[in-house]
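A.B. asks: A single structure is presented below for examination.
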Amino acid sequence: MSATVSFPVPTPRGPKTVTVSYARVGRGEPLLLLHGIGHHRQAWDPVLDILATERDVIAVDLPGFGASPALPDGLTYDLSTTAAVFRAFCEELGLDRPHVAGNSLGGLMALELGREKIVRSVTALSPAGFWSQAERRYAFGVLLTMRRIARGMPLPLVEKLARTAVGRTALTSTIYARPGRRSPEAVVAETRALVDAPGFDDTLRAGTSVRFTDDVPGIPVTVAWGTQDRLLLRRQGVRAKQMMPRSRLVRLPGCGHCPMNDDPALVARVILDGSR
């Protein structure tokens, strides 16, 4: 079931109202799903039904992405604001320290929620923030190029490309190791999400100086990395393990940067195992 909720988020100049779109399905302990930059909550569709058999799953469009409007004036797209937004979101929905899984930017956000003790477990799939400066510049350059190309393509061309496996590969091989598995409709929708995201530039700008350099003690943490990740190279997973020595580091064979599409059964099992 998809829904939209608005709630106040405290700021030094008084509360600001944030609106978030989300889909909720399943039963069990609550599990929050956070997507990456330029994506939308439908990135989790390949694993949603599996997760919903054991969890109350809440897949969120991050503010400024998907169907969620941009943050209001006075709120920035940094990690501390993210923590405040999702603390308020959980309070509004009555979620008492849910589990959280995130991919890329969402993985970094998930770790921040874990560090702030807002959640009870973290599963981070190719999380941002464990890069060197050169690796960050490379990733940001790729993301900006992807968006520029997507914005330059008329919708009929995107729809035509999405109808063939070769076209879907051209559109999405940067984030998927097996792009042919993505449906044409999903490829069109996520290309449009990348084009339309009002929070993209501010989020990228806020990430310029971000590195995750703390442990996340006291809760279970799983970090999983696709062996075919072309955006955030898998050696960053080793750095994450060094930073969080009690975390579980999982290899995802044959998976790209967004592994949910490449191997749904494996990714769902990693998330369920990490959120016991």
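The values are calculated or read from the model by the stated rules, or taken from the named source; none is laboratory data. Note that the structure is predicted; figures quoted are calculated from it, not measured. So basically every Cβ, Gly included, is an ideal-geometry build from the backbone, and we count neighbours across all protein chains shown. When the accessible area is computed, the model is the full protein with side chains, heavy atoms only, and any ligands, DNA or RNA have been set aside. Shrake-Rupley method; radii C 1.70, N 1.55, O 1.52, S 1.80 Å.
A.B. asks: Pull out all pairs, ordered by first then second residue, where Cβ-Cβ is under 8 Å, the residues are six or more apart or on different chains, the first lies in segment 228-256 and is under 17 Å from F212 (Cα atoms) and without any contact (Cβ under 8 Å) to a residue 12 or more places away in the chain, and the second is surrounded by 15 or more Cβ atoms within 10 Å (Cβ to Cβ) and among the aliphatic types (A, V, I, L, M).
C.D. replies: Cβ pairs passing all conditions: V238/L249.
A.B. asks: Same structure, new question: Any idea which of R148, R182 is among the charged types (D, E, K, R) and under 18 Å from the mean Cα position of the chain (by Cα)? Step through it out loud before you land on a result.
C.D. replies: Numbers: R148 fails: under 18 Å from the mean Cα position of the chain (by Cα).
R182 is the lone residue from the list that is among the charged types (D, E, K, R) and under 18 Å from the mean Cα position of the chain (by Cα).
A.B. asks: Sticking with this structure for a sec: If D201 passes every condition in (1) among the charged types (D, E, K, R); (2) at pLDDT below 95; (3) under 17 Å from S104 (Cβ atoms) but one, which one does it miss?
C.D. replies: Result: D201 fails condition (2) only.
A.B. asks: Could I ask something else about it? Which residue is nearest to G28 (Cα to Cα), if the candidates are limited to segment 49-83 and must be open to solvent by 30 Å² or more (accessible area, probe 1.4 Å) and among the hydrophobic types (A, V, I, L, M, F, W, C)?
C.D. replies: In the first step, residues of segment 49-83 are kept if they are open to solvent by 30 Å² or more (accessible area, probe 1.4 Å); the result is 49-50, 53-54, 66-67, 69-70, 72-74, 76-80.
Still in the list and also among the hydrophobic types (A, V, I, L, M, F, W, C): 50, 67, 70, 79.
Values: I50: 12, A67: 26, A70: 31, L79: 28 Å.
Here the residue is I50.
A.B. asks: Could you count how many residues in segment 127-152 are over 20 Å from G66 (Cα atoms) and open to solvent by less than 10 Å² (accessible area, probe 1.4 Å)?
C.D. replies: 3
A.B. asks: Quick one: which of T222, T208, T174, T191 is out of contact with any Lys or Arg (no Cβ under 9 Å at 6 or more places or on another chain) and either in a helix (DSSP H, G or I) or surrounded by 15 or more Cβ atoms within 10 Å (Cβ to Cβ) (or both)? Outline the logic, then answer.
C.D. replies: Numbers: T222 fails: out of contact with any Lys or Arg (no Cβ under 9 Å at 6 or more places or on another chain); T208 fails: out of contact with any Lys or Arg (no Cβ under 9 Å at 6 or more places or on another chain); T174 fails: out of contact with any Lys or Arg (no Cβ under 9 Å at 6 or more places or on another chain).
Being out of contact with any Lys or Arg (no Cβ under 9 Å at 6 or more places or on another chain) and either in a helix (DSSP H, G or I) or surrounded by 15 or more Cβ atoms within 10 Å (Cβ to Cβ) (or both) holds for just one of T222, T208, T174, T191, which is T191.
A.B. asks: Of the residues T4, T19, only one is in contact with a Phe, Trp or Tyr (Cβ under 9 Å, 6 or more places away or on another chain), among the hydroxyl-bearing types (S, T, Y), under 30 Å from S209 (Cα atoms) and open to solvent by 20 Å² or more (accessible area, probe 1.4 Å); which?
C.D. replies: Working: T4 fails: under 30 Å from S209 (Cα atoms).
Criteria check complete, one pass: T19.
This table checks each residue for (1) touching a helix residue (DSSP H, G or I) at 6+ places or on another chain (Cβ under 7 Å); (2) on the phi > 0 side of the Ramachandran plot; (3) modelled with pLDDT of 95 or more.
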site: G66; (1), (2), (3): yes, yes, yes
site: T82; (1), (2), (3): yes, no, no
site: V119; (1), (2), (3): yes, no, yes
site: F130; (1), (2), (3): yes, no, yes
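A.B. asks: List the helices (runs of 4 or more DSSP H) that sit entirely inside segment 231-276 and contain at least 3 residues that are out of contact with any Gly (no Cβ under 8 Å at 6 or more places or on another chain) and at pLDDT 95 or above.
C.D. replies: In segment 231-276, 235-243, 264-274 are the helices (runs of 4 or more DSSP H) which contain 3 or more residues that are out of contact with any Gly (no Cβ under 8 Å at 6 or more places or on another chain) and at pLDDT 95 or above.
A.B. asks: Just for helices (runs of 4 or more DSSP H) wholly inside segment 1-117: which have at least 2 residues that are within 13 Å of the chain's Cα centre (by Cα) and touching a residue at least 60 places away in the same chain (Cβ under 8 Å)?
C.D. replies: Working: elements: 45-52, 79-93, 105-115.
The helices (runs of 4 or more DSSP H) meeting that bar are 105-115.
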